[in-house]
Amino acid sequence: ERSGDIHEPDFWAPAWVARFYHSEKAPPGGPVLYIGCILSDGAGADFELPHDAEPVLTAGIIHYGAKGELWDWHYWMAKGWFWHSKDRIPDGSWTVAANEQWHKWGISQWESFALPLLSMNSRSELEKRVIQPLIARAREPQKNDVFDLIAHLDPGTRTKEDIDRQIAEERAAWG
């Protein structure tokens, strides 16, 4: 990202950095792994850091559909955990998400987790808590069945009455 204006100090320091990994041996459309350090949620960020803006380390796997020609990634994707994780507690728990909007980038499923950045105090700690779980998860067969994906989603918060009301409104609009 560009630094912005010299008169806007919120933009002087980097807010986040990321590295993406893709195996040359992977088939077209194979997964992309990433690790990101999210340092700040200032400067008009599209997310909020947990626990009084404590920096987090995010890691994840972006799965692409069968259409390998749509394979694409962007640095902002390292912030995916902020959009997937309902409670945003950086405890190393995996979050699995799918979103129709991501199809334009060829993404079929996105898995991610986060840990407090300050809890990483050695290379071996990073290897044990981030890299090994990330690689192990990437080697697992992807769950392509929609029911497997639904089973990993957070429960809905809408009431039956709310859903019934929306259906009634939509049916009334049909004419």
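The values are calculated or read from the model by the stated rules, or taken from the named source; none is laboratory data. Keep in mind the model is a prediction, meaning the values are calculated, not measured. Here the Cβ positions follow ideal geometry from the backbone for every residue, glycine too, while neighbour counts run over all protein chains shown. Remember, those area values only see protein heavy atoms, side chains included, never the ligands or the DNA or RNA. Shrake-Rupley method; radii C 1.70, N 1.55, O 1.52, S 1.80 Å.
Give region 99-119 a look and list any residue that's under 12 Å from the mean Cα position of the chain (by Cα) and open to solvent by 50 Å² or more (accessible area, probe 1.4 Å), or say none. Write out each step before concluding.
Narrowing region 99-119 to residues under 12 Å from the mean Cα position of the chain (by Cα): 99, 102, 107, 109-114.
Hit for region 99-119 is 99, nothing else.
Take the residues of region 92-125 that are in contact with a strand residue (DSSP E or B) (Cβ under 8 Å, 6 or more places away or on another chain), free of Cβ contacts under 8 Å to residues at least 40 places away in the same chain and part of a loop (DSSP other than H, G, I, E, B): which is farthest from residue 52 (Cα to Cα)?
Filtering region 92-125 for residues that are in contact with a strand residue (DSSP E or B) (Cβ under 8 Å, 6 or more places away or on another chain), free of Cβ contacts under 8 Å to residues at least 40 places away in the same chain and part of a loop (DSSP other than H, G, I, E, B), the one farthest from residue 52 (Cα to Cα) comes out as 99.
Given the options 122, 112, name the one that is closer than 17 Å to residue 31 by Cβ and modelled with pLDDT of 80 or more.
Sole residue among the options that is closer than 17 Å to residue 31 by Cβ and modelled with pLDDT of 80 or more: 112.
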